[in-house]
Number of protein chains: 2
Amino acid sequence: MLNYSTSEENYIKAIFHLQRQDGTVTTNELANELKTKPASVTDMMKKLKVKKLLNYQPYQGFRLTNEGNKVALGIIRRHRLWEYFLAEKLKFSWDEVHEVAEDLEHVSNKKLIDKLDEFLGFPRTDPHGDPIPDANGRIEMSKKICLTEMELNTIAIVSSVSDQSSEILELLEHKKIAIGTKLEVKKKFDFDNSMEVKIGRQPAFTISNQLAENIFVLSN
Amino acid sequence: MLNYSTSEENYIKAIFHLQRQDGTVTTNELANELKTKPASVTDMMKKLKVKKLLNYQPYQGFRLTNEGNKVALGIIRRHRLWEYFLAEKLKFSWDEVHEVAEDLEHVSNKKLIDKLDEFLGFPRTDPHGDPIPDANGRIEMSKKICLTEMELNTIAIVSSVSDQSSEILELLEHKKIAIGTKLEVKKKFDFDNSMEVKIGRQPAFTISNQLAENIFVLSN
DNA sequence: AAATAATTTTAGACAAAACTAAAAAAATAA
DNA sequence: TTATTTTTTTAGTTTTGTCTAAAATTATTT
Ligand SMILES: [Mn+2]
Ligand SMILES: [Mn+2]
Ligand SMILES: [Mn+2]
Ligand SMILES: [Mn+2]
């Protein structure tokens, strides 16, 4: 596996995440995600195409090639292992780990990452509940759904949270919701799309639609 | 404290180490140390002078300012803490840690480093025996001397090793010499400058001049 | 279908960090 | 004290990654 610059890696990772949602990624989307300008994106897309990491025809949007996806999974593996390390070993809080991991992920020494993985006990998910690819780039693609799509009176486990701000963390901590919490949706209100949920035998409480949209669960 | 590029940091750290030995550092010396060209060094010296990290007049050599020294100690703190982490927690061997720390040292997040320090139990020295600056940039400047300068029949503790190759590591392991080992020089031979040393009550054994020159001890 | 708007690409410029080759200054030898 | 050698700096390029402004293409309205 070749080595890529910090800038190239940031583009590759962003494309990987965006194409999960959209299939093919557009110039403006990516520029917006990376807080850069469309012209810069086009420049980089040409470079990544030459390196065979990207399928790209002018004006047609882009997708990573198989090789590009492999590279992306390597970066995501590093990012999430460092996030786990920061939260678990250095006692960083949930909303602080992403920013630091954004830098650490670019130190790409295979032995370092594999030994870190071992030291951490081969964790399966990062502090936000997202799965960590293994040393071969394999990742558990669990069919997680948004809390808003859950059927009434079924129990599901909170698996991840898409917003990673300190504001959502404050709210989740107050409501005692964390990765792994078992939730049951008791009611949905059409007026504001709020819902009432229960944790175990405790009394039901209300969750706003904004919050529910950022909570993802594993239904079985 | 401002932020500096990876390249700037590598120059700052190299100047710091070279001026420890020489007082003032020359263009060729630094180019040689960083495996770059003299012209590149001159360019960077101008930049560091503008940033007030360096005292530099054309053709006169250079020294770090107080501010420059502070920045250097920050980089060295990061480098040595990561080296300790790699050796102690990830079980890297002695000769592998430097290369990896060379990259990790440039992730400069104060909170990350201070929490890492705490997680590691505030280690005093890195795996090569070199002192780790504290959060305020203070460093223990122990008056260590080279093994070749030790008086006969006095005992001293091995405090650091200047060469960090796997070859010297192999030899030191074979001779059971490590950081902290108590050594007593019994004889010196003028012919080849080799010496006979003892560890505790074990029989004396021979050390070549090349090896002795790379071993530093703390004499009391 | 033509006009208008939005998106994307190109062209040209710039800053950082490196290099080579030539000029300038300092150190050393004759 | 000249002449020669060594060291250092300057001048001019190159590569990477960014930007603005203008042109080209595609999408949306009227
Ligand atoms: Mn990043
Ligand atoms: Mn995460
Ligand atoms: Mn470095
Ligand atoms: Mn060291």
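Readers should treat all values here as calculations from the given coordinates under stated rules, not as data from a laboratory. Remember, it's a predicted structure, so these values are computed and weren't measured experimentally. In this analysis, Cβ positions are derived from the backbone assuming ideal geometry, glycine residues included, and neighbour counts consider all displayed protein chains.
In table form, for the structure just shown:
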quantity: The stretch B:6-64 - charge dipole about Cα centre, Lys and Arg +1 at Cβ, Asp and Glu -1, debye rounded to 20; calculated: 200 debye
quantity: Between the stretch B:83-137 and the stretch A:51-124, the alpha-carbon center distance in angstrom; calculated: 22 Å
quantity: Relative contact order computed over chain A (Cα-Cα under 8 Å; 6+ residues apart), in percent; calculated: 15 percent
quantity: Charge sum, other residues only, whose C-beta stays under 12 Å from B:Gly61's C-beta, Lys/Arg counted +1 and Asp/Glu -1; calculated: -1
quantity: Proximal aspartates and glutamates relative to B:Lys143, as straight alpha-carbon distance under 20 Å, when same-chain residues fewer than 8 apart are discounted; calculated: B:Asp22, B:Asp126, B:Asp130, B:Asp134, B:Glu151, B:Asp163, B:Glu184, B:Glu213
quantity: For the stretch B:144-220 versus the stretch A:9-24, the gap between their alpha-carbon centres in whole angstrom; calculated: 56 Å
quantity: Anchor B:Lys175: lysines whose Cα lies under 20 Å away (excluding residues fewer than 8 positions away in-chain); calculated: B:Lys186, B:Lys187, B:Lys188, B:Lys198
quantity: Over 19 Å (Cα to Cα) - which of A:Lys115/B:Lys89; A:Lys35/A:Lys144; A:Lys89/A:Lys115; A:Lys110/B:Lys89 fall in this group; calculated: A:Lys35/A:Lys144
quantity: Exercise: per-residue mean of other protein chain Cβ atoms within 10 Å, B:93-100; calculated: 1
quantity: FRET efficiency for A:Ile145 and B:Asn32, using Cβ-Cβ distance with R0 set to 51 Å, rounded to 0.05; calculated: 0.25
quantity: B:Ala39/B:Asn3 FRET efficiency (R0 30 Å; Cβ-Cβ; nearest 0.05); calculated: 0.70
quantity: Residue among B:Leu48, B:Ile75, B:Pro38 farthest towards the positive dipole end of the stretch B:1-80, charges placed on Cβ; calculated: B:Ile75
quantity: Summed side-chain charge close to A:Val185 - residues other than A:Val185 whose Cβ falls under 9 Å, Lys, Arg +1, Asp, Glu -1; calculated: +1
quantity: Net +/- balance of residues flanking B:Ile199 in space, Cβ distance below 13 Å, scoring K and R +1, D and E -1; calculated: +4
quantity: Whether the stretch A:129-169 is rounded, prolate or oblate, judged on the alpha carbon gyration tensor where a/c under 1.5 counts as rounded; calculated: oblate
quantity: The stretch B:6-64: proportion of alpha-carbon pairs further apart than 15 angstrom, %; calculated: 38 percent
